Ligand code: DHE
């Protein structure tokens, strides 16, 4: 019997293949009829998000069935349970995770075609439409229904709430005066929002699967980092006009996804880490004439003393000993601290020489991207959670030695503090205790309190106000909230209902490169 089955197998396969192909054709037809008008004929997105495997990594297949069947809360997508039967919905939900037959193209023509300017730079009033301190506003990204809220950082009143692009990811980036904020979506959209007038002023799509964006310290340029295509894209921040695309390749012609791009103010440049080739790229922006801006603890020079031979917008390739996936910079942006691929160990690389200056004894997927630093007994230390271990590691940034490992109630994602706060906060994003957050005393290096704001509900990501006196914590649920805490007494002060709030971003802390937060 077994032999027979084996003998028949090729025949059965031949018989099955046309049927499978017919199924796929039928599903592709369903897609064109019901989905393409919003998600694009080639699945590259339109009014709705792109439906390609790389863009759908955040959506579980079962959730895709649910969305097609019943729609998504507060979205314009209709429910299809009246139009399609369960089998058709299941096949569509599977089909969108298939790689496309031909690699989708997204080049300069597509970027230019996506560009819209709603309010040209300089056309809206220069005064805020509200009384709140414009430098102490918070943006809260609400991922549940794809909105963002603007909060007054003194009263915590919601000044405004507006619909964003689908699936924003990473921190929105401000211009140094705090007037404009740029959002990046996983689908590649960059949205420029005028916080004084509470209006979207320009939009452009930089790629199909974007990692993040960075804004130059002078607020004049925006750089986008893409996974698909393998590129960096430079924009003039005024109206998001495309200036240049950089195909990301090494000298041998091998191309790479970009892990992320950051602005390094003391260097006057963007720094991009590459995921598939062993290089870090430095792309300088033109030197301004002003001398120094105070950026919190850094006193960052706007006109950095860098090698005058470095040409603006030209790539300086820095060879590094390993691929950089997740990484962090020291406050002076002299070193990049990267996690090795596979998350076993880390390394410190000097950004001028490209040499590795230290190995870091970090295992269990250290989440360097959410590392923070502070002064401890006369030396600067950095602390970071691990995505794969219930630990926080604390490292001396001079000797690069691990000085403390704190056991936590589970692997964490985000860590946060403020120069004026005695505490650092870390969540327990993964595992059964994701409803807890730990508070670490920055001097004793001990966990001094564990809070459970709402049993059974995920609590994650903290951001302080500009003085470091109060802070916001997300109750990361569809019917969630942002909880305001007193940063010293650790008492809860109030809750502001929100739809799955993720990151919170205080204008002052970001534009001043405050210690203890992300930049
Ligand atoms: Fe993020 C920031 C990468 C998954 C929420 N995340 C970032 C940044 C990078 C990054 C490179 C810094 C960008 C910036 O601010 O300029 N994130 C990754 C990943 O590689 C990873 C692990 C897998 C992936 O899907 O890409 C990942 N991230 C997630 C999530 O699953 C989170 C929790 C939910 C979500 O929205 O997708 C998530 N990431 C965030 C948030 C920030 C972020 C809220 C900004 C933090 C901040 O305070 O600045």
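Bear in mind that the values in this text are calculations on the coordinates, not laboratory data. Predicted model only: the values in this text are computed from it and were never measured. Reconstructed Cβ throughout: ideal geometry from the backbone, glycine too, with neighbour counts over all protein chains shown.
Residue ranges 266-273, 475-482 sort as 266-273, 475-482 when ordered by packing (mean number of other C-beta atoms within 10 Å per residue, highest first).
Under 1.5 on a/c is rounded, so check that first for region 148-299, then, if it is not, pick prolate when a/b is larger than b/c and oblate when it is not; a ≥ b ≥ c are the square roots of the alpha carbon gyration tensor eigenvalues. It is oblate, given that a/c is not under 1.5 and a/b is not larger than b/c.
For the pair region 145-209 / region 404-467, the C-alpha centres are spaced 26 Å from each other.
Taken along the Cα-to-beta-carbon direction at a fixed 7 Å, the label points for residue 145 and residue 448 span 3.9 nm. State, as an integer percentage, the relative contact order of the chain based on alpha-carbon contacts under 8 Å between residues 6 or more apart. Once divided by the residue count of the chain, the mean separation gives 9 percent.
Between 0 and 90 degrees, the angle of helix 2-34 with respect to the longest Cα principal axis of the chain falls at about 70 degrees. Take the Cβ atoms of residue 24 and residue 71, set R0 to 25 Å, and the FRET efficiency comes out at 0.50. Taking R0 as 22 Å, what's the FRET efficiency between residue 377 and residue 467 from their Cβ-Cβ distance, rounded to 0.05? It comes to 0.35. Simple spin-label estimate for residue 79 and residue 334 gives 6.1 nm between the two label positions (7 Å along the Cα-to-Cβ direction from each Cα). Between residue 403 and residue 352, the contour length at 0.36 nm per residue exceeds the alpha carbon distance by 15.7 nm. Computed from label points 7 Å out along Cα-Cβ, the spacing between residue 113 and residue 86 is 4.0 nm.
Maximal additional length on extending the residue 307-residue 363 stretch stands at 16.5 nm, based on 0.36 nm per residue less the C-alpha distance.
Where does each of 211-224, 490-503 land if you order them by average Cβ count within 10 Å, highest first?
211-224, 490-503
By the gyration tensor of its Cα atoms, with a ≥ b ≥ c the square roots of the eigenvalues, what is the shape of region 385-516: rounded for a/c under 1.5, prolate for a/b over b/c, or oblate? In terms of gyration-tensor shape, oblate. If the chain linking residue 155 and residue 126 were pulled fully straight, counting 0.36 nm for each residue of separation and taking away their Cα-Cα distance, it would gain 8.1 nm.
How far is helix 86-95 tilted off the main Cα axis of the chain, in degrees rounded to 10, range 0 to 90? Here the helix axis deviates by roughly 60 degrees. For the chain, just say rounded, prolate or oblate: build the C-alpha gyration tensor, square-root its eigenvalues into a ≥ b ≥ c, call rounded for a/c under 1.5, and beyond that prolate if a/b exceeds b/c, oblate if not. Rounded, because the longest to shortest axis ratio a/c is under 1.5. For the chain, the longest principal axis of the Cα atoms and the long axis of helix 61-70 meet at an angle of about 80 degrees.
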